[in-house]
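Have a look at the structure below before the remarks.
No value in this document is a laboratory result; all are computed from the given coordinates. Everything numeric in this text was worked out from a predicted model, so none of it was measured. Note: ideal-geometry Cβ built from the backbone for every residue, glycine included; neighbour counts use all protein chains shown.
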Amino acid sequence: MTDATMPKTSGAARKTSGNGRNLDLFRVRHIPDSVESRPVPMSVTEPTSLNKPVSKSFYFWLMAPAILVLAFISIYPFFWMIYMSLHDVDIGHVEWNNFANFIKLPSDSRFLMGWVLLAEYSAMCLTLQIIIGVFLALALNGTRLEKVLVTTLLMPMMMAPLVAGMVWYFLYNGTFGWYHWLLQSLGILGAKSILASANTAMIGLVLVDVWQWTPLITLITLAGLKRVPQDQLEANMVDGASPFRNFVSVTLPNLYPVLLIAIMLRFMDNFRFIDSILVLTGGGPGNATKILPVYLFEVSFKFFKLGRGAAIALILLIVTIILGKILVRVFDRQQPSKV
Amino acid sequence: MASRDVIQYETPLSKAFRWFSAVFLAFYVVWTVLPLFVMFMSSFKDLLEAFKLPAVGDWAGVTVFFDFTPTTKHYYELFAHLGFSTYLFNSLVAAGGSALVSVVLGSMCAYSLSRIDFKGKGDLFFWIISTRMAPVVAVMVPLYWIFRQLDLVGTLPGLILAYTTFNLPFAIWILKGFFDNVPYAIEEAQMVDGATRFQALRAILPLVAPGIGAFIVLCILFAWNDYLFAAIIGSGGAKTLPAATRELVQPQNIQWGQIMAAGVVTTLPMMFLGLVIRKYLVTGLTMGAVKE
């Protein structure tokens, strides 16, 4: 609307200012600020449209179905979750229990260990994935085979985590697993499978996660590498920097934002996906790999203590939401450079 | 203006790096492909052949792996006797249904969110995205309870609704970014030419159609690969492929040949789909934060 009326206004303004002055051939052209910046009081007719203005209700009705469905599958269950966490819930019988579900939690060693193990598991996965993933991206970037190799690396990500868990379970097997044979032949492991002893089971799980999801980090890093400004690299080289120095002081700082996103995403996924862990160890041996989501699964769907499960789920959910808040903030900071 | 290629001179360090990276790359590709290869081969092996291993430290004995007569009996067994055709159908319906519901409702919602501003939009948005990020196990506890009361446990509609918990927010979030990239001026121009609001919306659909198609595929992928919902919400009547694969593990005898065959059946279509939408994969998997 303003665009359409703009030329008219300024044209009219110039005319009025010209009329009031004597015609002087040699003068410094003088344009007072007031003319350019201030709207001239003139009756400009609004451009008329044959269409009615778009009503907000149009957008509202477009949004309503999705919001309704989402409310039914997220807000409604959320209230149920709070309700359940305050009760003893059995199939067909619900009883108020004076916050017992929550009071018991701090003294529940498996709950506390669950957090520790979750942190441990995430830390190991992330460290390995970031190091290997970034290195792979650097090795791949700009090579002739980049396209083919990236496509090859993508394959594990398309696999159902459960199937991946099954295949690795087979490979790790103490009597007929090929990876077990390999590890044994290299002298790393004894006769016991990697999943069978409490010390190594976690490493076994981490390897599966690394196998499946490192390519994601590689992909993200590759996308980031394409956006590292070449002129900065060049300027740095003209100043006599070695390739290594170039990497540390130009490439890496440019990669940080993307890597941060990658880390956050993988971290959240470690909370979300426990499919392969359920198959591989189910939390065992003992409780060595019972990270919190696995413990929650066990409490809720193995022993069907849904009230207790809801209490744990509520805490887990709150932690995730806080993490999500951080993640969204990171995303938003990314926005300007996205274009 | 910098030239496109930065010329770097060979130093001993960079040479070493190149060699090391080539070796590492080769190693990593093998490590990536090997489990898939083993799965594929084992699905054609008879039970005893799959268990053949060389002695510890006997490196020359690796050839044992290729020493078998291929058989398709596991695949036959799966579909003829174990009802995998039903499970395949369940998987297709559940994944496809939830993807369709999510993307249709999601694109409508995403379009509105991209075109108007209102108070509390940021909060609405955060609610949507946190629904997606919530741990599946945590969401499942109350969802299971509700679905039990509504008799939705073990039914396909129940499973579709359950998958929608993560697919719908995903679709809204991603597609909003897509609609943001379509200038509103196009719709304005349409309306100046006399189109109604709805017709103007229809006019920009071809611009976003490839993206919408790709995200339908991604939603299918997420739903297809899910196991937790399938195992709990779908238990009984609506077993999908991953849940059925898991059930082949019996305490007494584990049917490895069949499991591997089921793995191949579950994995191959998704790998194919992944390649089809390769262009949108990074955007999809990073929730739109990174673009290739």
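Report, in debye and to the nearest 20, how large the dipole of the stretch A:79-166 comes out about its Cα centre when Lys and Arg carry +1 and Asp and Glu carry -1 on their Cβ. Before the final figure, lay out the partial values.
Values: 4 positive and 6 negative charges, 103 e Å.
Roughly 500 debye for the stretch A:79-166.
At a 10 angstrom cut-off on C-beta neighbours, averaged per residue, how do the peptides A:215-221, B:183-189, B:70-76, B:152-158 rank from highest to lowest? Display every interim value, and only then the final one.
Values: A:215-221: 25.3, B:183-189: 12.9, B:70-76: 14.6, B:152-158: 18.7.
Result, highest mean Cβ count within 10 Å first: A:215-221, B:152-158, B:70-76, B:183-189.
In square nanometres and to one decimal, what's the mean projected area of the convex hull around the Cα atoms of the stretch A:155-216? Write out the running numbers ahead of the final one.
Values: hull surface 17.1 nm².
Averaged projected hull area, Cα only: 4.3 nm².
Once the Cα atoms of helix B:136-149 and of chain B are each reduced to a long axis, what angle between those two axes, in degrees from 0 to 90 to the nearest 10, is obtained?
Taking the Cα atoms of chain B, the angle to B:136-149 is about 80 degrees.
Just want the answer: with Cβ charges of +1 for Lys and Arg and -1 for Asp and Glu, which residue in B:Thr266, B:Pro169, B:Gln255 is farthest toward the dipole's positive end in the stretch B:160-288?
B:Gln255
At a threshold of 8 angstrom on Cα-Cα distance, excluding pairs fewer than six apart, so keeping six or more, what relative contact order does chain B reach in percent?
26 percent.
Kindly write out, for the stretch B:88-100 in residue order, the coupling ³J(HN,Hα) from the Karplus curve 6.51 cos²θ - 1.76 cosθ + 1.60 (θ = phi - 60°), rounded to whole Hz, with x marking Gly and Pro.
With coefficients 6.51, -1.76 and 1.60, one gets 4, 4, 4, 4, 4, 5, 5, 5, x, x, 5, 4, 5 Hz.
Label-point separation (nm) for A:Leu182 and A:Thr152, each offset 7 Å from Cα along Cα-to-Cβ?
1.4
Among A:Phe331, A:Ser57, A:Trp213, which residue has its Cα furthest toward the positive end of the charge dipole of the protein assembly as shown, with +1 on Lys/Arg Cβ and -1 on Asp/Glu Cβ?
About the Cα centre, the residue reaching furthest to the positive side is A:Ser57.
Count, for each residue of B:252-258, the Cβ atoms from other chains sitting within 10 Å of its Cβ, then give me the mean as a whole number. Numbers along the way, then the final one.
Working: counts 0, 0, 4, 0, 5, 0, 0.
What the average comes to for B:252-258 is 1.
Largest first, please: the extent of the C-alpha atoms of the stretch B:138-292 along each principal axis, to the nearest Å.
Cα spread of the stretch B:138-292 along its principal axes, largest to smallest: 72, 38, 24 Å.
Taking 2.2 N^0.38 Å as the expected size of a compact globular protein, what ratio does the Cα radius of gyration of the stretch A:219-330 give against it, to two decimals? Present the calculation step by step, with values, prior to reporting the outcome.
Details: Rg = 21.3 Å, N = 112, 2.2 N^0.38 = 13.2 Å.
With N residues counted in the stretch A:219-330, Rg over 2.2 N^0.38 Å equals 1.61.
Report, in listed order, any pair from A:Lys226/B:Lys121; A:Lys325/B:Lys176; B:Lys176/B:Lys239; A:Lys104/A:Lys192; B:Lys121/B:Lys291 with a Cα-Cα distance greater than 29 Å. It would help to have the intermediate numbers written out before the result.
Details: A:Lys226/B:Lys121 33 Å; A:Lys325/B:Lys176 19 Å; B:Lys176/B:Lys239 33 Å; A:Lys104/A:Lys192 36 Å; B:Lys121/B:Lys291 24 Å.
Beyond 29 Å: A:Lys226/B:Lys121; B:Lys176/B:Lys239; A:Lys104/A:Lys192.
Please list, ordered by chain and number, the residues whose modelled amide H lies under 5 Å from the amide H of A:Asp88; skip anything fewer than 5 residues away on the same chain.
For A:Asp88, the qualifying residues are A:Glu95, A:Trp96, A:Asn97.
log₁₀ I(q)/I(0) of the stretch B:1-120 at q = 0.16, 0.22, 0.23 Å⁻¹, via Debye over equal Cα point scatterers, no solvent, to two decimals?
Here log10 of I(q) over I(0) equals -0.95, -1.27, -1.29.
Which whole-angstrom value gives the distance between the alpha carbon centres of the stretch B:179-225 and the stretch A:138-182?
Cα centres, the stretch B:179-225 to the stretch A:138-182: 37 Å.
Once the stretch B:64-167 is represented by equal point scatterers at the alpha-carbon sites, with solvent omitted, what log10 I(q)/I(0) does the Debye formula produce at q = 0.11, 0.16 Å⁻¹?
Taken in order of the listed q values, log10 I(q)/I(0) reads -0.56, -0.88.
Charges at C-beta only: +1 for Lys and Arg, -1 for Asp and Glu. How large is the resulting dipole of the stretch A:203-339 about its Cα centre, in Debye rounded to 20? Walk me through the numbers before you get to the answer.
On the way: 13 positive and 8 negative charges, 100 e Å.
For this selection, approximately 480 debye.
Quick check: residue separation of B:Gln250 and B:Ala60 times 0.36 nm, minus the Cα distance between them. What number comes out in nm? The partial results should precede the final answer.
On the way: separation 190, 0.36 × 190 = 68.40 nm, distance 3.38 nm.
Once the chain is fully extended between B:Gln250 and B:Ala60, it gains 65.0 nm.
Over the Cα atoms of the stretch B:106-219, how large are the radius of gyration and the largest Cα-Cα distance (Dmax), in Å?
Radius of gyration, then largest Cα-Cα span, for the stretch B:106-219: 17.3, 53 Å.
Taking the alpha-carbon centroid of each part, what is the distance from the stretch A:260-305 to the stretch A:66-136 in angstrom?
Distance between centres, Cα-based: 10 Å.
Just want the ordering: A:Ile75, B:Ile212, A:Ile194, from fewest to most Cβ atoms lying within 10 Å of their own Cβ.
Numbers: A:Ile75 13, B:Ile212 19, A:Ile194 26.
Going from least to most buried by this count: A:Ile75, B:Ile212, A:Ile194.
To the nearest 10 degrees, how steeply does helix B:156-180 sit against the main Cα axis of chain B, on a 0 to 90 scale?
60
How many Cβ atoms of partner chains, on average, are near each residue of A:297-306 if near means within 10 Å of its Cβ?
Details: counts 9, 1, 2, 7, 8, 0, 0, 1, 0, 5.
Taking the mean over all residues of the peptide, I get 3.
With 36 Å as the cut-off, how large is the P(r) tail for chain B, expressed as percent of Cα-Cα pairs? Working shown, then result.
Values: 15948 of 42486 pairs.
The answer is 38 percent, as a whole percent.
Once you average over the residues of B:270-278, how many Cβ atoms of partner chains fall within 10 Å of each Cβ?
Working: counts 6, 6, 1, 1, 6, 4, 0, 0, 4.
For this peptide, the per-residue mean of nearby foreign Cβ atoms is 3.
Full-extension gain between A:Arg227 and A:Ile131, please, as 0.36 nm times their residue separation minus the C-alpha to C-alpha distance.
Details: separation 96, 0.36 × 96 = 34.56 nm, distance 1.98 nm.
Stretched fully, the A:Arg227-A:Ile131 segment lengthens by 32.6 nm.
Return a whole-number percent for the relative contact order of the stretch B:184-292, with Cα pairs under 8 Å and 6 or more residues apart as the contact set. Don't skip to the answer; put the middle values down first.
Numbers: 55 pairs, mean separation 21.7, N = 109.
Averaging sequence separation for qualifying contacts and normalising by length gives 20 percent for the stretch B:184-292.
On a straight-distance basis, which aspartates and glutamates could pair with B:Lys279 in a cross-link, Cα separation under 20 angstrom, same-chain partners fewer than 8 positions away excluded?
A:Glu146, B:Asp180, B:Glu292
From zero outward in steps of 10 Å, how is the percent of C-alpha pairs of the protein assembly as shown spread across the bins?
3, 14, 22, 23, 17, 10, 5, 3, 2, 1, 0
Could you give the dipole magnitude of the stretch B:12-72 about its Cα centre, charging the beta-carbon of Lys and Arg +1 and that of Asp and Glu -1, in debye to the nearest 20? Write out the running numbers ahead of the final one.
Values: 4 positive and 4 negative charges, 81 e Å.
Dipole size: approximately 400 debye.
Could you pull out which residues in the stretch B:234-253 have an amide N less than 20 Å from a spot 7 Å beyond the Cα of B:Thr86, following the Cα-Cβ vector?
B:234-250
Between B:Lys15 and A:Thr143, what FRET efficiency follows from the Cβ-Cβ distance if R0 is 25 Å, with the result rounded to 0.05?
Working: r = 15 Å, r/R0 = 0.61.
Between B:Lys15 and A:Thr143 the formula returns 0.95.
Taking the dipole about the Cα centre of chain B, with the C-beta of Lys and Arg at +1 and of Asp and Glu at -1, give me whichever of B:Pro183, B:Leu156, B:Gly106 is farthest to the positive side.
B:Pro183
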